[in-house]
Amino acid sequence: MFSKQLLSAVAAFSMVSGVVSVSCDDPTATIRSAADATQVANCESIAGDVVIDRDAGPDINIGGRLQEIGGDLRAENNGLLNSLSSSSLRTVGGIFALRNVTKLSTLTFPRLGEVGSIDWATLNALPEPTFGNPGITKAKSVTIADTFIENIDGINVDSLTDMNINNNRRLTKFSTSIKSLSNTLYVQANGLNLTMEMPNLEWIANMTIANVTSFSVPSLHTVNGSMRFDSNYFTTFTAANLTEIQDGDLSFVSNPELTNISIPNLERIGGGFTIANNTGLEKLDGFGSLNEIGGAVKVRGSFTDVQLPSLKDVKGAFEVVSTEDIGSACQDMQSLDGGVVQGDFNCKGNDANANNDTSDASSDGSGSGTGDNQSAASPLGASMSTIVTLAALGTFFAAFL
């Protein structure tokens, strides 16, 4: 009888004081204190989520017996947490989410190798996460945005669906062993001197790279979608093994330091081909094998020479415009008009406004019709409109007969 009363009293005290025990079987294990973290660490696995409360801190350590979290590991909107660590955790089945954890300066997970995905944003004090060797080798997606992170080499995943690295102003180097990306690689607005190395990347669906000083993809052979380079600082781009951009566009726009593009084995671009406002690029001669373009061609800049010697089929319009004299190049390419180019053909030099238009070439061959064909369609459209109107009037008057 006494023991029951004691247990009831303890329970009542816990409710009044706000102390809530953390269980290994909870759908969500919420850590509000270091004591809660110790309870979580004593579980070998947690099937649900582990959430770091917004008022928890400054140091949370879930190292001990804990090896697996089946759900998410989350810390969000926490301005107190300085360090988060675990010497034992190997797997996070869901999202490893750190968002708006503004004082977090130490992140240490030496045995963590597998996560469902990484979603980190607004980490204003974290210079570098610490992982083991080889680090995180399995994840579906990685997003790292608006952080002070300087180095993320510990993320060594073979394949991903998405990777988004943006607005990490101190990130100056990123080297990864990723071999394939099934959806999108997006890199933009990171450190001014960011060098990016992807030596093992073989195929990717879509890629957008901006504000990068160096970008290396020596093994890349296939792009399923589009490949875009905007406002970068590298002087050369080489993809020696790239043979096909299957369904999307190839675009180099407003890369002021770019002096050379070399993709010598590229045979086909499924969409549009845009080279625009790369003011340091004087020669466009690195596409010696390019045979087919499924959309339009828009080449605008300050070229003195443009060479596309293997081109046999352009589904859309063809435009080459330069601030310099390219009369000889235009004469060489004139033979493309009518046979190879299915749309309008325009090649001219000495145009002071050549670098002003940075819009993309059409990716679907639109703009390939002539003005005569478009105007010829108008009488038919007017006739059909007249017929529909007369039919409606006939119905109206019939109602009164």
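The values are calculated or read from the model by the stated rules, or taken from the named source; none is laboratory data. On a predicted model such as this, the values are computed, not experimentally measured, just so you know. Methodologically, a virtual Cβ is constructed for each residue, glycine included, from the backbone with ideal geometry; neighbour enumeration extends over all protein chains shown. Calculation scope for accessible area: heavy atoms of the full protein, side chains included, ligands and nucleic acids excluded. Shrake-Rupley method; radii C 1.70, N 1.55, O 1.52, S 1.80 Å.
Summary table below
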{"item": "Relative contact order (percent, whole number), the range 147-285, Cα cutoff 8 Å, 6+ residue spacing", "result": "16"}
{"item": "S363, S302, S251, reordered so the largest accessible area comes first (probe 1.4 Å)", "result": "S363, S302, S251"}
{"item": "Heavy-atom accessible area order for K315, K298, K138, largest first, 1.4 Å probe", "result": "K138, K315, K298"}
{"item": "Mean separation of Cα contacts under 8 Å (6+ apart) over length of the chain, as relative contact order %", "result": "6"}
{"item": "Dipole magnitude of the range 88-190 about its Cα centre (Cβ charges: Lys, Arg +1; Asp, Glu -1), debye to nearest 20", "result": "100"}
{"item": "From phi via Karplus (6.51, -1.76, 1.60), per-residue ³J(HN,Hα) for the range 347-361 in Hz, x at Gly/Pro", "result": "9, 7, x, 6, 10, 4, 9, 4, 8, 7, 8, 10, 6, 6, 5"}
{"item": "Heavy-atom accessible surface of the chain: percent carbon and sulfur, 1.4 Å", "result": "49"}
{"item": "Accessible area expressed per residue, the chain, with surrounding protein chains retained (probe 1.4 Å, Å²)", "result": "46"}
{"item": "Inter-centroid distance (Cα atoms) of the range 126-186 relative to the range 216-253, Å", "result": "20"}
{"item": "Degrees, to the nearest 10: 371-398 long Cα axis against longest axis of the chain", "result": "80"}
